[in-house]
Amino acid sequence: MTNCESDLLKKVERYENAVHELKAAHDDVKDVLTQHILFDRWKELGTPLGFKAEKPVDSEEPNRDLAQLNQQISAMSESWSH
């Protein structure tokens, strides 16, 4: 295997890893947004009917999700910078 082929294989591997990380980050963002949008829509529909909706009091959950996303974005940026 030549040096060019070896470099190409490394780049393809980095690309595949970055795509995998991007898909995982996309799923995480989608899940967070879906939960908030669905809850807000459910609340909007239920209020006129007399239902009261309160989000669970778990103040650490959104911060944990955002921290995890920031880590994934940093890892992706780092993998592309090499």
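The values are calculated or read from the model by the stated rules, or taken from the named source; none is laboratory data. Computed from a predicted model, the values in this text were never measured in an experiment. Quick reminder, even Gly has a Cβ in these numbers, built from the backbone with ideal geometry, and neighbours come from all protein chains shown. For accessibility, only protein heavy atoms count, side chains too; no ligands or nucleic acids. Shrake-Rupley method; radii C 1.70, N 1.55, O 1.52, S 1.80 Å.
Scan segment 1-56 for residues that are in a helix (DSSP H, G or I) and touching a Leu at 6+ places or on another chain (Cβ under 9 Å) and the total you get is 4. For the residues ARG41, ARG14, the requirement of being more than 21 Å from ALA75 (Cα to Cα), modelled with pLDDT of 80 or more and among the basic types (Lys, Arg) singles out ARG41. Inspect all residues belonging to segment 25-37 and state whether any of them is farther than 17 Å from GLN71 by Cα, at pLDDT 80 or above and open to solvent by 100 Å² or more (accessible area, probe 1.4 Å). For segment 25-37, residues farther than 17 Å from GLN71 by Cα, at pLDDT 80 or above and open to solvent by 100 Å² or more (accessible area, probe 1.4 Å): present.
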